[in-house]
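Nothing in this text is a laboratory measurement; each read-out follows from the coordinates by a stated rule. Just so it is clear, the model here is predicted, and its values are computed rather than measured. Here the Cβ is made from the backbone with ideal geometry for all residues, glycine too, and neighbour counts use every protein chain on show.
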Amino acid sequence: MMENLLVVIIASVIFAYALCRIKIFIRLFYRRQAADDFVRLEVYLLRRLLAYHTTIPIVQIIQHRGLPWLETELKSRREGLKTHSGREQRFVAKTLDIYLNKPLKWRHIVREVNHLFCLYRRFASQIKRAMRCEKFIWRTGCGCDDAAVTALVSGFLWVVKSEVLVFLKRRIGFAVRPVIQVQPIFNAAKVEVEFECIFTIRVGNVINAAWSLIHFPVKEVKGSG
């Protein structure tokens, strides 16, 4: 009986260790070509045995009653392209109604948002320290009718990309050298972007980050409000 229990304990420890060592891959891909945008998010592990992917809605600015407004586009397999400007408008109208007419409910919502924000910040901090970048490619082509403006914009993009990389390297480890490119397109007003990055994190790190939320101090949450 004791030997069987020992075998079960050893097997459980080995299984838990193997589970914690499994890598989770997070792939973000964005492409803009002509007037078309494509964004895709993939999360997978065990050589894509377990995988999740989604196409993220694209946000556009439209005119609504003479004012600029955000509108999302979501692709549906059966019905094609859907826009959701009405949904965003109803959300804003409901939020304003709560803010103006229900102050107690509004304060409760603010406290809940602060609480969730503190939890998210703690979780993201744990994840960020354990995450590594396995692939980073950022290519941009830009052009204007004026060649001088094209050169100026290209130089500005180089500066922006360099600053973004410095910011990321201070927070995330890179397993490979990032690839960034800026291609001037003369005599044509256009913007083309191709962005792909793959981040990895082990299941054990996610478990540790989630476990840290259980012991999150309540006083810290209340103090943030």
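For A34 and E134, what is the calculated FRET efficiency with R₀ set at 35 Å and r taken between the beta-carbons, to the nearest 0.05?
Rounded to the nearest 0.05, the efficiency is 0.70.
Would you mind computing, in nm to one decimal, how far apart the modelled labels at K102 and C20 are, each placed 7 Å from Cα along Cα→Cβ?
Roughly 4.5 nm, to one decimal.
In whole Hz, with x marking every Gly and Pro, tabulate ³J(HN,Hα) for the stretch 125-130 from phi via Karplus 6.51 cos²θ - 1.76 cosθ + 1.60, θ = phi - 60°.
Going residue by residue, I get 5, 5, 5, 4, 5, 9 Hz, with x marking Gly and Pro.
Need the full-extension length gain, F156 to E42, defined as separation in residues times 0.36 nm minus the C-alpha distance. One decimal, nm. Can you show the working numbers first?
Details: separation 114, 0.36 × 114 = 41.04 nm, distance 3.07 nm.
Here the segment from F156 to E42 would lengthen by 38.0 nm.
Ranking T54, T150 by Cβ neighbours within 10 Å, fewest first, what do you get? Don't jump to the answer; show the numbers that get you there.
Working: T54 10, T150 19.
Fewest-to-most Cβ neighbours within 10 Å comes out as T54, T150.
Fewest to most neighbouring Cβ within 10 Å: what's the order for W106, W211?
Lowest count first: W211, W106.
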